[in-house]
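The values are calculated or read from the model by the stated rules, or taken from the named source; none is laboratory data. All values reported here derive from a predicted model rather than from experimental measurement. Every residue, glycine as well, gets a Cβ built from its backbone with ideal geometry; the counts of neighbours run over all protein chains shown.
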Amino acid sequence: MKASGALPDVSTITTCLGSCIESHATSVKHLRAAGWLLSAHAINFAALADRPFSVGLTHICVYMYYSSMKLQSLPCYCATLRQVARAVTVLYEEVLGDSGLHATQYTALQVLDRAPNLTTTELAQMIGIDQTTATRTLALIKKSGLATDSVGSDRRERRWVLSPKGQTLLHRLKPRWEAAQETFEKRLGHAQALALKKASYLAASRLTSN
């Protein structure tokens, strides 16, 4: 059947519920009561509201659509950066897949590979996370056998290095991480991605400086 009436706008998702509803459904009214129909363009449901499907109507194609709220441009710098952080985290964690690592844990492995024997505080400062998050992240990495710690010059501090297992995993996941980097650049554009990275680092550096 050809749809009639105004088409939904770009924020509307149209879903065809299978190909049809069989004639044993007693009426459109009953379907509405059951929550099957939110709206439809296929036929004039008002005209059929009190009629059964039995006469010559063995199938009916129903289109149900609902509004999908778009991401909004917010006035708050903090909220906007959180929007970016959430979207980027989802992208990278999807790529990490079944590795069992979250994005922050993978970053910790990268940092320890580049600068071994960091204390918990030093790693937190390099990544830009709080001490509690760094402690929790390193504890999970240690529990997975990906890093080991030892007592530093101050017995209260711990120094961290990657274990052989951690180095192997980091090497195995590198192609996936590079794929995430490439996807990010493709979606934003290479120049825009680099500009965002530079601006983000500059902002983080200035906002955390004493």
So Arg187, is it modelled with pLDDT under 95 and either assigned by TED's automatic domain parsing to the domain that holds Thr135 or part of a helix (DSSP H, G or I) (or both): no
Within segment 162-187, the residues that are surrounded by 11 or more Cβ atoms within 10 Å (Cβ to Cβ) and over 14 Å from Tyr92 (Cβ atoms) are Leu162, Ser163, Lys165, Gly166, Gln167, Thr168, Leu169, Leu170
Could you tell me whether segment 109-119 includes any residue that is in a helix (DSSP H, G or I), closer than 24 Å to Leu91 by Cα and among the charged types (D, E, K, R)? yes
